[in-house]
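Chemist: Got a structure for you, written out below as structure tokens; questions coming shortly.
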Amino acid sequence: MADNQAKLTVDGAGFDLPVMQGTTGPDVVDIRKLYGQTGMFTFDPGYKSTASCESALTYIDGEEGVLLHRGYPIGQLAEQSSFMEVSYLLLNGELPTADELDKFTYTISRHTMLHEQLARFYQGFRRDAHPMAIMCGVVGALSAFYHDSTDIADPEHRRISSHRLIAKMPTIAAMAYKYSIGQPFMQPKNSLSYTGNFLQMTFGVPAEEYEVLPAVERAMDKIFILHADHEQNASTSTVRLAGSSGANPFACMAAGIACLWGPAHGGANEAALEMLREIGTPDRIPHYIERAKDKNDPFRLMGFGHRVYKNYDPRATVMQKTVREVFEALNVQDPVFETALRLEELALSDDYFIEKKLFPNVDFYSGVILSAIGFPTTMFTVLFALARTVGWVAQWNEMISDPAQVIGRPRQLYTGPTERDYVPVAQR
Ligand code: SDX
């Protein structure tokens, strides 16, 4: 931490505020004592200029389009690693040895089953319930089944809960899909990889042996890596805030799922593909670009823009390349990809998008791939939640294991009525 200071003057009085330095990225002004010193709050709706915590998990340089997990560039991890290996890295801080990875993968595979009583939860939903609604309910309900591991002060309880959440999300997600199409739930198969098992639970049927296509398994695993963690985004901040009250990890992850569902966040992948399908052919793109630029039109290019990236989202680069790999492997010809490529080309040559630094984000191409693999759009954000669970869990562990952590409780700029006396209804 640096020992340099920032100076603040309020009504002529000077205040020295410590400036803290991380290992890279912007320094921060430590305002923890500001209210006590000045009687004033800072004001930052949306937290555009606020660091909410210290973290060693993920670093983003939005201007340069850089994303590192524990220092490793996302492009290298996507091309050379696996989701299980990245999960170990996020949870433990270092890449595992082959033996460590085997043990971790074995442990996760032994927690993939769901309690039979929990499987009955699905029967309470309508068949056309949005799978994200089911995820919110079922993940939150996990806390009713694991009283043996909800003492968050116990590192062993945190470890078991973390493994259970990472392991059970694919099972819960696959069951949500099966329930929506009226097919029987498929049991996990420990002989398959984490991602291969998810694919067989989703697309397999009891009547025949499901064949996991290596190209699809690799693409799906890469998509999971690209969604694993992303600094203090809205849903991760939700998990941290819920966890700061001491809530159990299952309830915290359910809160994260609820936040991720929003179309401005994880719900954008579903909205982006629906937008591309609505645009249809490239000749209709200019009309939609004009709509996106029109301040009086609420329409936005879904999958475009980002709070942090003011350059290309490095995940979108990998995602676009993966589209080609999946299309080739599955011999898919979907015109929506050409529409997406043309939309990106036209938007990135338009002054509005150039000036506002709006580039494709992780959600722009992901739906094209997921649709080619066979997922309905309603499952897209579920897949985002499945992958992001390891990030949420790693961020939650980092916070809970910090002895200095306190309950999150922001203040406000009050603009309501000042004190006034109650008026009985007969006198109003
Ligand atoms: C994710 O935070 C994360 O890390 C999230 C995420 C993760 O991995 O966790 O990366 C995942 O959520 C990616 C983002 C997915 N959302 C979308 O694709 C929805 C479409 N994009 C936007 O709604 C928007 O870009 C946000 C919400 C992503 C970011 O919004 P900001 O940072 O609050 O920026 P803003 O809304 O203030 O926009 C700045 C300007 C505005 O114009 P002005 O008011 O300055 O005139 O850019 C405009 C916006 O109107 N703008 C867009 C636009 N996005 C922003 N105009 C048209 N189309 C868009 N997509």
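Chemist: Can you tell me how many residues within segment 226-274 are part of a loop (DSSP other than H, G, I, E, B) and either near the ligand (Cβ under 10 Å from one of its atoms) or open to solvent by less than 10 Å² (accessible area, probe 1.4 Å) (or both)?
Modeler: Residues in segment 226-274 being part of a loop (DSSP other than H, G, I, E, B) and either near the ligand (Cβ under 10 Å from one of its atoms) or open to solvent by less than 10 Å² (accessible area, probe 1.4 Å) (or both): 13 in total.
Chemist: Using beta carbons and a limit of 6 Å, which pairs, at least six apart or on different chains, have the first residue in segment 287-306 and part of a helix (DSSP H, G or I) and the second one within 6 Å of the ligand (Cβ to nearest atom)?
Modeler: Cβ pairs passing all conditions: 292/300; 292/301.
Chemist: For segment 82-93, enumerate the residues that are assigned to a loop (DSSP other than H, G, I, E, B) and crowded, with 19+ Cβ neighbours inside 10 Å. Give the steps one after another, and end with the answer.
Modeler: Here is the first cut: in segment 82-93, the ones assigned to a loop (DSSP other than H, G, I, E, B) are 82, 93.
Matches in segment 82-93: 82 only.
Chemist: Regarding residue 123, is this residue closer than 24 Å to residue 220 by Cβ and surrounded by fewer than 17 Cβ atoms within 10 Å (Cβ to Cβ)?
Modeler: In short, no.
Chemist: Hey, among 58, 23, 9, 50, which residue is surrounded by fewer than 12 Cβ atoms within 10 Å (Cβ to Cβ), among the β-branched types (Val, Ile, Thr) and closer than 30 Å to residue 359 by Cβ? Before you say what the answer is, go through the steps one by one.
Modeler: Working: 58 fails: surrounded by fewer than 12 Cβ atoms within 10 Å (Cβ to Cβ); 9 fails: closer than 30 Å to residue 359 by Cβ; 50 fails: surrounded by fewer than 12 Cβ atoms within 10 Å (Cβ to Cβ).
Residue meeting the stated conditions: 23.
Chemist: Open to solvent by less than 70 Å² (accessible area, probe 1.4 Å) and charged (D, E, K, R), is that true of residue 321? Steps first, please.
Modeler: Working: open to solvent by less than 70 Å² (accessible area, probe 1.4 Å): no; charged (D, E, K, R): yes.
Spelling it out, it is not the case that residue 321 is open to solvent by less than 70 Å² (accessible area, probe 1.4 Å) and charged (D, E, K, R).
Chemist: While we're here: Of the numbered conditions (1) charged (D, E, K, R); (2) open to solvent by less than 10 Å² (accessible area, probe 1.4 Å); (3) over 30 Å from residue 152 (Cβ atoms), residue 388 fails exactly one; give the number of that condition.
Modeler: The one condition residue 388 does not meet is (3).
Chemist: Assigned to a helix (DSSP H, G or I), farther than 21 Å from residue 395 by Cα and either within 16 Å of the ligand (Cβ to nearest atom) or open to solvent by 30 Å² or more (accessible area, probe 1.4 Å) (or both), is that true of residue 180? Quick ask: steps written out before the conclusion?
Modeler: Numbers: assigned to a helix (DSSP H, G or I): yes; farther than 21 Å from residue 395 by Cα: yes; either within 16 Å of the ligand (Cβ to nearest atom) or open to solvent by 30 Å² or more (accessible area, probe 1.4 Å) (or both): yes.
Considered against the rule, which asks whether it is assigned to a helix (DSSP H, G or I), farther than 21 Å from residue 395 by Cα and either within 16 Å of the ligand (Cβ to nearest atom) or open to solvent by 30 Å² or more (accessible area, probe 1.4 Å) (or both), residue 180 comes out as yes.
Chemist: Hey, another quick one. Examine segment 306-320 for a residue that is more than 9 Å from the ligand (Cβ to nearest atom) and closer than 22 Å to residue 132 by Cβ, and state whether such a residue exists.
Modeler: Checked against the condition, which is being more than 9 Å from the ligand (Cβ to nearest atom) and closer than 22 Å to residue 132 by Cβ, segment 306-320 yields at least one hit.
The values are calculated or read from the model by the stated rules, or taken from the named source; none is laboratory data. Bear in mind the structure is a predicted one, so any value in this text is a computation, not a measurement. In this analysis, Cβ positions are derived from the backbone assuming ideal geometry, glycine residues included, and neighbour counts consider all displayed protein chains. For the accessible areas, the whole protein counts, side chains as well, though only heavy atoms, and no ligand, DNA or RNA atoms are used. Shrake-Rupley method; radii C 1.70, N 1.55, O 1.52, S 1.80 Å.
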